[in-house]
């Protein structure tokens, strides 16, 4: 298995532009998590899905952020419009409902908003 | 009060020494506890997890859990320069959702 696949790995955009980050989870993992990591705030949980259904989006900073999981093999995190304070590394992580609650992280998408 | 707290460090130890990393959490209902390692510019990777009070050993790593004190620790024996990284403590809640809350991480430096 190729693990959790995220794209793009790096994105540089200008304030006000729409940003879409993508994630392909590991086959068989039925939970998917979007985290954001910054030096100041560390790893913050934004939203998570279980069996493609959003369960908890309380970590989504504001309405500019939205996430979807249309099927078990794909999820997107969208920021519209983007702002410089959104600059961070965004991680997608997957887990199986059975077992030890272990999360496997993707390589991350580093976003820079100018 | 943060939900999961760690000393940011850096914690500096000489090669071959024991490194001790600590973590406290606020939710008494927490059921699962994890240690992740993150190298600079990389994603977090699981080192080990612990569910029950006491010690759990895996090679050079030992996780210790004390639920009464709401305290988790990670000991790294015979520290190597390759252990230099940020160590993240993560805590799972009472329900088995897989949702983890992470601490800010402790940076460990192992000097040759």
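The values are calculated or read from the model by the stated rules, or taken from the named source; none is laboratory data. From a predicted model like this one, the values you see are computed outputs, not experimental measurements. Using ideal geometry, Cβ is built from the backbone for each residue, glycine included, and neighbour counts are taken over all protein chains shown.
Among the residues of the stretch A:38-62, those that are at the interface with chain B (Cβ under 9 Å from one of its Cβ atoms), under 20 Å from residue A:88 (Cβ atoms) and in contact with a strand residue (DSSP E or B) (Cβ under 7 Å, 6 or more places away or on another chain) comprise A:42, A:43, A:44, A:45, A:48, A:56.
The residues of the stretch B:26-50 that are free of Cβ contacts under 8 Å to residues at least 40 places away in the same chain and surrounded by 13 or more Cβ atoms within 10 Å (Cβ to Cβ), listed by number, are B:42, B:43, B:45, B:46, B:48, B:49, B:50. Close Cβ contacts (under 8 Å, 6 or more residues apart or on different chains) running from residues in the stretch A:93-106 that are more than 8 Å from chain B (Cβ to nearest Cβ) to residues that are surrounded by fewer than 22 Cβ atoms within 10 Å (Cβ to Cβ) and at pLDDT below 65 are absent.
For (1) surrounded by 19 or more Cβ atoms within 10 Å (Cβ to Cβ); (2) at pLDDT 95 or above, each residue gets a yes or a no:
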site: A:21; (1), (2): yes, yes
site: A:25; (1), (2): yes, no
site: A:31; (1), (2): yes, no
site: A:53; (1), (2): no, no
site: A:67; (1), (2): yes, yes
site: A:81; (1), (2): no, yes
site: A:88; (1), (2): yes, yes
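Being under 30 Å from residue A:109 (Cβ atoms) and surrounded by 13 or more Cβ atoms within 10 Å (Cβ to Cβ) holds for only one residue in B:65, B:74, and it is B:74.
Quick one: would you say residue B:99 is in contact with a strand residue (DSSP E or B) (Cβ under 7 Å, 6 or more places away or on another chain) and modelled with pLDDT under 95? The answer is yes for residue B:99. Within the stretch A:63-92, the set of residues being at the interface with chain B (Cβ under 9 Å from one of its Cβ atoms) and over 10 Å from the mean Cα position of the chain (by Cα) is empty.
In the stretch A:72-92, the residues that are touching a residue at least 24 places away in the same chain (Cβ under 8 Å) form Cβ pairs under 9 Å with partners that are in a helix (DSSP H, G or I) and surrounded by 14 or more Cβ atoms within 10 Å (Cβ to Cβ), at six or more places apart or across chains, as follows: A:79/A:86. One residue stands out in the stretch B:6-19 among those that are in a strand (DSSP E or B) and surrounded by 15 or more Cβ atoms within 10 Å (Cβ to Cβ): the one that is nearest to the other protein chains (Cβ to nearest Cβ), namely B:11.
To keep it simple, each residue is scored yes or no on (1) touching a strand residue (DSSP E or B) at 6+ places or on another chain (Cβ under 6 Å); (2) under 26 Å from residue A:34 (Cα atoms).
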| residue | (1), (2) |
| --- | --- |
| B:19 | yes, no |
| B:26 | no, yes |
| B:30 | yes, yes |
| B:44 | yes, yes |
| B:48 | yes, yes |
| B:53 | yes, no |
| B:64 | yes, no |
| B:67 | no, no |
| B:81 | yes, no |
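Please go through the stretch B:73-93 and pick out each residue that is over 18 Å from residue B:22 (Cβ atoms) and within 14 Å of chain A (Cβ to nearest Cβ). Answer for the stretch B:73-93, where residues must be over 18 Å from residue B:22 (Cβ atoms) and within 14 Å of chain A (Cβ to nearest Cβ): B:92, B:93.
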